[in-house]
Structures are given as structure tokens and as C-alpha cells.
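Just below is one structure, and these are the notes that go with it.
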Amino acid sequence: MSSRSPRSVLPGFGLSLGFTIAYLSLIVLVPLAAAFIKTSGMTWNEFVDAVASRQVLASYRLSFGISFLAAAVNAFFGLIVAWVLVRYPFPGKRIVDAVVDLPFALPTAVAGIALTAIYARNGWLGFLEPVWGGVVGPDGHVVSNGLVQYLDQLLPGVNWGEWLGLKIAFDRPGIFIALTFIGLPFVVRTLQPVLEELEPEFEEASATLGATRWQTIRKVIFPQLLPALITGFTLSFARALGEYGSVVFIAGNKPLHSEITPLLIMTKLEQFDYRGATAIAVILLVTSFTLLLLINLLQSWTRRHQRA
């Protein structure tokens, strides 16, 4: 008997694949290829000057550093949020679950304006700014110490005021808050399906065998969640790396201090320096492609791990 493939409601493989490749080419591949083609018209020295100037390198350090820190914080708290949403019933659970998706639905510019209004000195949480950076007098000297000044006294070898900023809005702490805000859903939504498949019976069996709570978390739960946690962390990091709308309003955009890389790209476009803008964009694209490759390899390893 001749084996026949199951009938599908969609057209044949060849036609479906053709539509898929054509759609992805028009929407994704052609615009990305245009950036590489535009950059290829530069000489090597011009490319290095565009992507490795002092201002651009400072923006790399800021964007990559704060994006990594925000993704790490989201990985920790996102795990707690996902665990609570999956394992515990409580009043208003559906509302909390919907709030997690708010950064997805909210326009990034609206998020940036809202965060700026909340954390500015005259905002709802403006009282946190003197606690964070202290109170600066009219002559520019610190009148009363804040957390940053106490860190300077505790670890004098690090310029905490330079790295952490003396303000919340219009400084580096504001960037961190915005990137944490937009990255949390990636971690929560990546962990939730894994937690839903992780039956509580595993924890009960572990307790029956005499394991403590910490041993159950470390040897039973965490190994099952680690691949999804790393995937959520990577997605959050990649999302934060290219974020513009929610950051540009709260960052302050001070060159060499609080200027993010996407803002430099927009600045060069406004100056009609298209090659310089695409050169910096290529660096971010290569980084994003590398992260996506790592995610795919991680997912492949996860599937093999689950089958084993």
C-alpha cells in the first residue's frame, strides 16, 4: 500500500513555503539587508570611526550594561511573579495576570512619559530622588547624603555617582526602570507554561523523601525551570537593547553619560548621516542575531533535555 500524507486544510507545502519566504523577505529580510548594503559602501576606517567613537562606545556601555542588569532583575522577580500566578489562587488574579501584559499593549512613548511623570522630582514618587542621590544645594554641593553618597563612603574606589546617577528621572536609574518595565513580560510568559506543566507532586515526593524546601528548589524545581529562565532572560535583554520610545523621555540623553545607542542612531538619521546610522544599527543587529541563535540552541537543548 502506498502511504499518503494526511490531508491539510492549507495549500501544499511548496505553495505555503513560497508565501512564507516571500512574506518574510518583504517584512524582515529586505529591510535588514538594506542596512548591511548601506553600510557596505563605507571603507573600513570609516566604519570603525562610526561605530567606535568615544560617544558611541559610551552608549554601548550604557545600553548593554543597563539592559543586562534590567534583564537579570526581571529574571529574578519574573520567576516569583510567574510562580505566584501559577501556583496560588487569590482575589484579582486575572487582573494581575492581565497587568503583566500591559508593557506589550502600552505604546512605548506613553510608557516613557508616564514613568517620567511618576519619578520626576515633582511626581508621585519624586520623594525617592533625595533618598537616592541626596539633596544638592544651589552652589552644586551636596547638602545631605543619599544612598549614592553612602555607597561612595562604603566603597570609595567606585564612583557611584557617575555609574548610578544622582537622580532617578533624566538619569541612568530612569533608564533602568524603563528597561525593567518593558522586559518583565518576556520572563513571566516564558516561565508560565513550564510551571503549569511542573506538577506539584514532584515537590510532595521530594518532601516525602526528606528533602528540605531549599533542596527541593535547588535540585527538583530549578533544574526544570533553568532553560526557560535563561530564554526569558535573553529575550528581555534583547528587547531592552533596542528599546527607544520608553527610554528617550526618561533618560536625560546627556552625551557620554545617559545617551543610549538607539538615540544615537536617530540623531545620525536627523543629521542625514545615513551610513553612520546604519553602521551602528548593524552592530545592534549582529548582537540581536547572536542572541536569537543562542535562544534557538537553548530551545533545542531544552527539547533534548525534556525527552531524556
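Since every read-out is calculated from the coordinates, none of them should be taken as a lab result. The shown structure was predicted, so the numbers you read here are calculated from the model rather than taken from an experiment. As a convention, Cβ positions derive from the backbone with ideal geometry for all residues, glycine included, and neighbour counts pool all protein chains shown.
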Completion exercise
Sorted by chain and number, the residues with a modelled amide H under 5 Å from that of Glu259, at a separation of 5 or more or across chains, are Lys254
Completion exercise
Whole-Hz Karplus couplings 3J(HN,Hα) for region 102-115, θ = phi - 60° and coefficients 6.51, -1.76, 1.60, Gly and Pro as x, run 4, x, 6, 7, 7, x, 4, 5, 5, 4, x, 5, 5, 5
Practice task
May I ask you to compute the full-extension gain from Asp101 to Gln224, defined as 0.36 nm times their residue separation minus their alpha-carbon distance, rounded to one decimal in nm?
Solution key: 41.9 nm
Practice task
Go through 178-190, 95-107 and give me the packing order, highest mean Cβ count within 10 Å leading.
Solution key: 178-190, 95-107
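How do the peptides 50-58, 166-174, 209-217, 108-116 rank, highest first, by the average count of neighbouring beta carbon atoms within 10 Å per residue?
Top of the packing list down: 166-174, 108-116, 50-58, 209-217.
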Problem - Matching label, semi-axes √(5λ) of the Cα gyration tensor in Å computed from the structure shown, candidates (i) 30, 25, 19; (ii) 38, 32, 18; (iii) 46, 31, 18 - result: (ii)
Problem - Cβ-based net charge around Phe233, under 14 Å, with every Lys or Arg adding one and every Asp or Glu removing one - result: +2
Problem - Distance between modelled label sites at Leu57 and Ile37, nm, 7 Å Cα→Cβ extension - result: 3.3 nm
Practice task
Answer with one residue from Gly14, Phe176, Gly276: the one whose Cα lies farthest towards the positive end of the charge dipole of the chain, charges on Cβ with Lys, Arg +1 and Asp, Glu -1.
Solution key: Gly14
Practice task
State to the nearest 20 debye the size of the charge dipole of the chain about its Cα centre, where the only charges are +1 on K and R beta carbons and -1 on D and E beta carbons.
Solution key: 780 debye
Handout entry: Peptides 83-92, 273-282 ordered by average Cβ neighbours within 10 Å, highest first
Key = 273-282, 83-92
Exercise for the section: Over the alpha-carbon set of region 183-305, divide Rg by the Kirkwood Rh and report the Rg/Rh ratio to two decimals. Expected result: 1.18
